[in-house]
Amino acid sequence: MERIQPGDALIVVDVQNDFCPGGALAVPDGDAVVPVINRIMRAFPVVVATQDWHPDGHISFASRHVGREPFQVVQIEGTEQVLWPDHCVEGTPGADLHPDLDATALRVVLRKGTNPEVDSYSAFVENDRMTTTGLAGLLRELGVQRVFLGGLATDVCVRATALDGRRAGFQVILLEDACRAVDVPPGNLEKALEEMKAADVPILRTDELEA
Ligand code: VGL
Ligand code: ZN
């Protein structure tokens, strides 16, 4: 069992309509994380949620690139960019947090991916690997040392947030039943779990937490 203590934070990554069944970039079984996260949220002294929040015509949208299809990979200024269906367009219902997520427990809602020309998978640093979101500073000022992660998708934004959380000096714990993966291409989830393990991110289930 792992006791939740002062200095712990829960980051709820991108639990938004577009990543849930029926959404534009649905993660299989994505909405299954909602009751799991609701159950544990109030045990954490700090809870932050992120929203993927793209302007219309965002660089990560396949529709922005002539002759390209969703899930193709392109090079943009030397970095690989997966092209996605249009998703989480700012101000649309698809970008809203899932309606059943207990938003009253959230201290901060952080929006990322807001630059039309740069994607941001991680809640800490944009995909240009230079621009920070300010989250590390916020957590540090709140005295946070350990970050627990749940949300969508395990192999995309949760993975990136876990690795950057480690780089920012936090302990990071992945709550596996509080996450779901896209797993495109197949094997992407397994690869992401290996990368997180290699970065010293332990994987726990929420029934191993105690308040
Ligand atoms: C995400 C793909 C594109 C995610 C965000 O939240 O995992 N995936 N944008
Ligand atoms: Zn996105």
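The values are calculated or read from the model by the stated rules, or taken from the named source; none is laboratory data. Just so it is clear, the structure is predicted and the values come from calculations on it, not from any experiment. Heads up, the Cβs are rebuilt from the backbone with ideal geometry, glycines too, and the neighbour counts pull from every protein chain shown. Heavy atoms of the whole protein, side chains included, go into the accessibility calculation; ligands, DNA and RNA do not. Shrake-Rupley method; radii C 1.70, N 1.55, O 1.52, S 1.80 Å.
For this structure, a couple of remarks:
- Segment 91-114 residues that are in contact (Cβ under 8 Å) with a residue 40 or more places away in the chain and within 12 Å of residue 34 (Cβ to Cβ), paired with ones that are polar (S, T, N, Q) and open to solvent by 40 Å² or more (accessible area, probe 1.4 Å) (beta carbon under 6 Å, 6 or more apart): 102/38
- Candidates in segment 19-45 are the residues that are aliphatic (A, V, I, L, M) and under 20 Å from residue 160 (Cα atoms); of these, the one that is nearest to ligand 2 (Cβ to nearest atom) is 25.
- Within segment 1-35, the set of residues being assigned to a helix (DSSP H, G or I) and closer than 19 Å to residue 109 by Cβ comprises 17, 18, 19, 30, 31, 33, 34.
- Scan of segment 81-90 for residues that are touching a Phe, Trp or Tyr at 6+ places or on another chain (Cβ under 8 Å) and either touching a residue at least 60 places away in the same chain (Cβ under 8 Å) or hydrophobic (A, V, I, L, M, F, W, C) (or both), ordered by number: 82, 83, 84, 85, 86, 87, 88
- Filtered residues of segment 157-175 (kept if surrounded by 15 or more Cβ atoms within 10 Å (Cβ to Cβ) and free of Cβ contacts under 8 Å to residues at least 40 places away in the same chain): 159, 160, 162, 166, 170, 171, 172, 174
- If the condition is being surrounded by fewer than 20 Cβ atoms within 10 Å (Cβ to Cβ), among the polar types (S, T, N, Q) and under 30 Å from residue 57 (Cα atoms), then segment 118-149 contributes 131, 132.
- Residues in segment 174-211 that are closer than 18 Å to residue 146 by Cβ and modelled with pLDDT under 95: 211 only.
- Residue match in segment 13-31 (condition: open to solvent by less than 10 Å² (accessible area, probe 1.4 Å) and free of Cβ contacts under 8 Å to residues at least 60 places away in the same chain): no
- The residues of segment 42-62 that are over 16 Å from the mean Cα position of the chain (by Cα), in contact (Cβ under 8 Å) with a residue 60 or more places away in the chain and assigned to a strand (DSSP E or B) amount to a single one, 46.
- Residue check, residue 79 farther than 26 Å from residue 171 by Cα and modelled with pLDDT under 95: yes
- Criterion (part of a loop (DSSP other than H, G, I, E, B) and away from ligand 1 (no atom under 16 Å from the Cβ)) met by exactly one of 137, 143: 143
- Restricting attention to segment 63-88, the residues being of a type outside the set (Val, Ile, Thr), surrounded by fewer than 16 Cβ atoms within 10 Å (Cβ to Cβ) and assigned to a loop (DSSP other than H, G, I, E, B) number 8.
- Given (1) in a helix (DSSP H, G or I); (2) within 16 Å of ligand 1 (Cβ to nearest atom); (3) touching a strand residue (DSSP E or B) at 6+ places or on another chain (Cβ under 9 Å), index of the condition residue 149 fails: (1)
- Restricting segment 89-117 to residues that are open to solvent by 60 Å² or more (accessible area, probe 1.4 Å) and among the acidic types (Asp, Glu), the residue that is farthest from ligand 2 (Cβ to nearest atom): 100
- Filtered residues of segment 37-52 (kept if open to solvent by 10 Å² or more (accessible area, probe 1.4 Å) and small (Gly, Ala, Ser)): 43
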